[in-house]
Amino acid sequence: MLSYRHAFHAGNHADVLKHYIQTQILSYFNQKDKSYWYIDTHSGAGVYSLREGYATKNAEFESGIARLWERDDLPESIAEYVDVVKALNPDGKLTLYPGSPYVADQLLRPTDRLRLFELHSSDSKILKENFAEAGRRVAVIAGDGFAGIKAVLPPPPRRGVTLIDPPYEDKNDYDYVIDMLHEALSRFATGTYAVWYPQLQRAESKQLPEELKKLGVNSWLHVALSVQSPSADGFGMHGSGMFILNPPWTLAATLRETMPYLVKILGQGKGAKYILEEKAA
């Protein structure tokens, strides 16, 4: 399980969906003056080079963030996400891509707090270096986010956003997500929890959204972006999804407007489509 390195996939279509929705959730939380905590169970290294190292192997960003980089017709909410990436590339050239911890750091306010978990020893070291000057506002925990989340819930301000995006290389991760959310909701039922998952031709991936619906929360939102049809051989990721428990009430309407755009720009064939479903409180 520790072989996974997100740098191989930095900036791909799945990152676009995940970080776009992340920016929308955090921007919504910023509308209230009261502080909140951002918790990331699988943080990665924080920032990734797109021009050297792992990301150049398959250059997955070229069919992801690169397709949005120079467009002049971005919907406003998608432009907000792209602006976060551009802040990391002030010369206008797409050379670096922010992971979810950096996205959060750019959007959170001085009174908000980040709690970042990362189990991979190399990535957790880099993550600590990237946030070395952040002070007490950011805590990087070199450990298992599935287990460690117990120590940070409920957050002291009783407002919080948790991003859960394990690599799912170990099929047990699907069960770990459900088990962790049972525990998290028992400790902090009103928190917002955003679960990312890959669209794969395996039963666990297909079943996860249905299992999440059974958690019994009053409101949830499920959005998925398929960029192509599943491959004939059954291998590879053809899309990804986000399942948000206790989502911002404005999010569904925003996504109804923008998901057709993402399908158009990021789609790679006739199988490109999106799913959007919700349960409102």
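The values are calculated or read from the model by the stated rules, or taken from the named source; none is laboratory data. These numbers come from a predicted model, not from an experiment. Here the Cβ positions follow ideal geometry from the backbone for every residue, glycine too, while neighbour counts run over all protein chains shown. For the accessible areas, the whole protein counts, side chains as well, though only heavy atoms, and no ligand, DNA or RNA atoms are used. Shrake-Rupley method; radii C 1.70, N 1.55, O 1.52, S 1.80 Å.
Of all the listed residues (SER240, SER231, SER205), the sole one being open to solvent by less than 50 Å² (accessible area, probe 1.4 Å), part of a loop (DSSP other than H, G, I, E, B) and among the polar types (S, T, N, Q) is SER231. PRO90 satisfies every condition listed in (1) more than 24 Å from ALA14 (Cα to Cα); (2) modelled with pLDDT of 95 or more except (1).
Considering TYR197, TYR168, TYR174, TYR261, the condition of being open to solvent by less than 60 Å² (accessible area, probe 1.4 Å), among the hydroxyl-bearing types (Ser, Thr, Tyr) and in contact with a Ser or Thr (Cβ under 7 Å, 6 or more places away or on another chain) is satisfied by TYR197 alone. From the residues in the stretch 208-228 that are out of contact with any helix residue (DSSP H, G or I) (no Cβ under 6 Å at 6 or more places or on another chain) and under 24 Å from HIS6 (Cβ atoms), which one is surrounded by the most Cβ atoms within 10 Å (Cβ to Cβ)? Out of the qualifying residues, it is SER226. Selection of the stretch 243-260 for residues being part of a loop (DSSP other than H, G, I, E, B) and either among the acidic types (Asp, Glu) or in contact with a helix residue (DSSP H, G or I) (Cβ under 8 Å, 6 or more places away or on another chain) (or both) yields PRO247, PRO248, THR250. Here LEU221, LEU200, LEU225, LEU208 are screened, and the one residue that is under 21 Å from ALA147 (Cβ atoms) and either at pLDDT 95 or above or hydrophobic (A, V, I, L, M, F, W, C) (or both) is LEU208. What pairs can you find where one residue is in the stretch 130-147 and part of a strand (DSSP E or B), the other is open to solvent by 60 Å² or more (accessible area, probe 1.4 Å) and at pLDDT 95 or above, and their Cβ atoms are less than 8 Å apart, with a gap of 6+ or different chains? Going by the 8 Å Cβ cut-off, the qualifying pairs are VAL138/ARG113; ALA139/ARG113.
Is there a residue being in a strand (DSSP E or B), open to solvent by less than 50 Å² (accessible area, probe 1.4 Å) and more than 22 Å from LYS86 (Cα to Cα) anywhere in the stretch 116-126? Yes, there is a match, as at least one residue in the stretch 116-126 is in a strand (DSSP E or B), open to solvent by less than 50 Å² (accessible area, probe 1.4 Å) and more than 22 Å from LYS86 (Cα to Cα).
Summed over the stretch 266-276, the residues that are open to solvent by less than 60 Å² (accessible area, probe 1.4 Å), out of contact with any Pro (no Cβ under 8 Å at 6 or more places or on another chain) and either over 20 Å from TRP69 (Cβ atoms) or in a helix (DSSP H, G or I) (or both) give a count of 3.
Exactly one residue out of LYS32, LYS18 is more than 28 Å from ASP144 (Cβ to Cβ) and at pLDDT 95 or above, and it is LYS32.
Checking the stated criteria, VAL263 turns out to be under 26 Å from PHE8 (Cβ atoms), in a helix (DSSP H, G or I) and hydrophobic (A, V, I, L, M, F, W, C). Which of the residues that make up the stretch 136-154 are among the charged types (D, E, K, R) and under 19 Å from the mean Cα position of the chain (by Cα)? The one that is among the charged types (D, E, K, R) and under 19 Å from the mean Cα position of the chain (by Cα): ASP144. Among the residues of the stretch 146-164, is there at least one that is touching a strand residue (DSSP E or B) at 6+ places or on another chain (Cβ under 8 Å) and closer than 30 Å to GLY271 by Cβ? Yes, the stretch 146-164 contains at least one residue that is touching a strand residue (DSSP E or B) at 6+ places or on another chain (Cβ under 8 Å) and closer than 30 Å to GLY271 by Cβ.
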